[in-house]
Amino acid sequence: MTQTDDFERTPGGAVLMDGKRLRDEIVADLRAEIESLGNPTITLATVLVGSDKPSRIYVRNKRRKAEESGLVSRHVELDADCTQDDVESTVRVLVDDPTVHGILVQLPLPDGLDAERVLDLIPPEKDVDGLTERSMGRLVRGRPGLVPCTPLGVMRLLDRYGVPTSGKRAVVIGRSTLVGLPQVLLLGRKGVDATPTLAHSRTTDLAAQCREADIIVAAAGMAGLVTAEFVRPGAAVLDVGISRTESGIVGDVDFDGVEKVAGAITPMPGGTGPMTIGCLMQNTLLAARLQGVV
Ligand code: NAD
């Protein structure tokens, strides 16, 4: 990947950590890599249950980017009123199919379906979302495996935009297994070497905690939670939260206020969201490698 330092800046002078641009670089690099491997057939299977509109859009974008990356997209859809057995048998077929290298079950599942039981079926080598018990265990143990795409995307943004992490203090807001928890593990990893704090809904004086941080990752799902008062001048602020409001998609970060103080900031949309998809594509190639296909 070509490193450039011609980073776009916000009106207040913060580096704009452009997730769309980096995702496009990742997709182009993957395409070139797959071509250089002689175009092996590497298949990402997506499973969509029900008709949730955002989920449908996410899956459509994932399938589109898979094809642009030189991967093969296979898609299975089930009705919202299907049974737990229907979902599990669908996933089992994909697990047993050696031509499927990555399996992504779009979450959340409709009410009444148990996502944990479905995830339990996916072997770590095909777990491109990195969300299963065994993938998380590998992450904790520092063993090779597939890492959840959203926190991985945050790490890629920090790296690409030259944000130093070693010896730096980080605050991650939100403790879900999807984002916050793996984010803390990735920031604290050897080689990254940040010192992360995991903040959540019961954290007292969140603003004061954040003001101590060189890096803030906001993944609470609360629109505009992180204001300029939370941010130490020059800090990097990465917005993961997504709230759908009448005026469109809003992040956890008050962009207009924070960009005047921050040293680097992600836009919303166009920051961590596209990176989640870019990392899913990278994870699919890694899954094929873990299976010895390439
Ligand atoms: P979640 O609801 O499972 O977790 C939210 C976390 O935020 C909880 O741990 C909670 O303690 C914490 N929290 C809530 N309100 C808080 C507050 N006022 N102060 C401090 N902490 C607070 O959600 P999740 O699945 O982790 O997702 C978080 C957000 O990220 C959601 O908005 C989701 O839509 C979004 N998301 C974005 C991407 C992306 O690609 N950008 C990917 C996944 C999730």
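The values are calculated or read from the model by the stated rules, or taken from the named source; none is laboratory data. Quick caveat: nothing in here was measured; it's all calculated off a predicted structure. We place every Cβ from the backbone using ideal geometry, glycine too, and count neighbours over all the protein chains shown.
Worth a mention:
- For region 199-232, a residue qualifies if it is surrounded by 17 or more Cβ atoms within 10 Å (Cβ to Cβ) and under 14 Å from Q183 (Cβ atoms), and the qualifying residues are A199, A213, I215, I216, V217, A218, A219, A220.
- Selection status of M268, in contact with a Cys (Cβ under 9 Å, 6 or more places away or on another chain) and either surrounded by fewer than 20 Cβ atoms within 10 Å (Cβ to Cβ) or not basic (K, R) (or both): no
- Residues that are free of Cβ contacts under 8 Å to residues at least 60 places away in the same chain, more than 16 Å from C149 (Cβ to Cβ), touching a strand residue (DSSP E or B) at 6+ places or on another chain (Cβ under 7 Å) and exposed (fewer than 15 other Cβ atoms within 10 Å of the Cβ) do occur in region 52-63, at least one of them.
- Some residue of region 266-289 being in contact with a Pro (Cβ under 8 Å, 6 or more places away or on another chain), within 30 Å of S69 (Cα to Cα) and either within 12 Å of the ligand (Cβ to nearest atom) or in contact (Cβ under 8 Å) with a residue 12 or more places away in the chain (or both): yes
- Pairs, first under 18 Å from T203 (Cβ atoms) and in contact (Cβ under 8 Å) with a residue 40 or more places away in the chain in region 156-178, second more than 16 Å from the ligand (Cβ to nearest atom) and of a type in the set (S, T, Y), C-beta under 7 Å, six or more apart: R169/T195; A170/T195
Matching residues to (1) out of contact with any Gly (no Cβ under 7 Å at 6 or more places or on another chain); (2) assigned to a loop (DSSP other than H, G, I, E, B); (3) away from the ligand (no atom under 16 Å from the Cβ):
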| position | (1), (2), (3) |
| --- | --- |
| V140 | yes, no, yes |
| R143 | yes, yes, yes |
| G162 | yes, yes, yes |
| L181 | yes, no, no |
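- Checking A235 against (1) of a type in the set (G, A, S); (2) more than 14 Å from the ligand (Cβ to nearest atom); (3) surrounded by fewer than 24 Cβ atoms within 10 Å (Cβ to Cβ), the condition it does not meet: (3)
- Residue match in region 248-263 (condition: within 21 Å of G19 (Cα to Cα), at pLDDT below 95 and either within 14 Å of the ligand (Cβ to nearest atom) or in the same structural domain as P182 (by TED's automatic domain parsing) (or both)): yes
- Of all residue pairs spaced 6 or more apart or on separate chains, those with beta-carbon atoms under 7 Å, a first member in region 76-101 that is touching a residue at least 60 places away in the same chain (Cβ under 8 Å) and a second member that is crowded, with 16+ Cβ neighbours inside 10 Å and not aliphatic (A, V, I, L, M) are H101/T43; H101/K126; H101/T284; H101/Q291.
- Hits in region 183-206 - residues which are near the ligand (Cβ under 10 Å from one of its atoms) and outside any loop (DSSP other than H, G, I, E, B): Q183, L198, A199, L206
- Test result for V128, at pLDDT 95 or above and over 21 Å from S176 (Cα atoms): no
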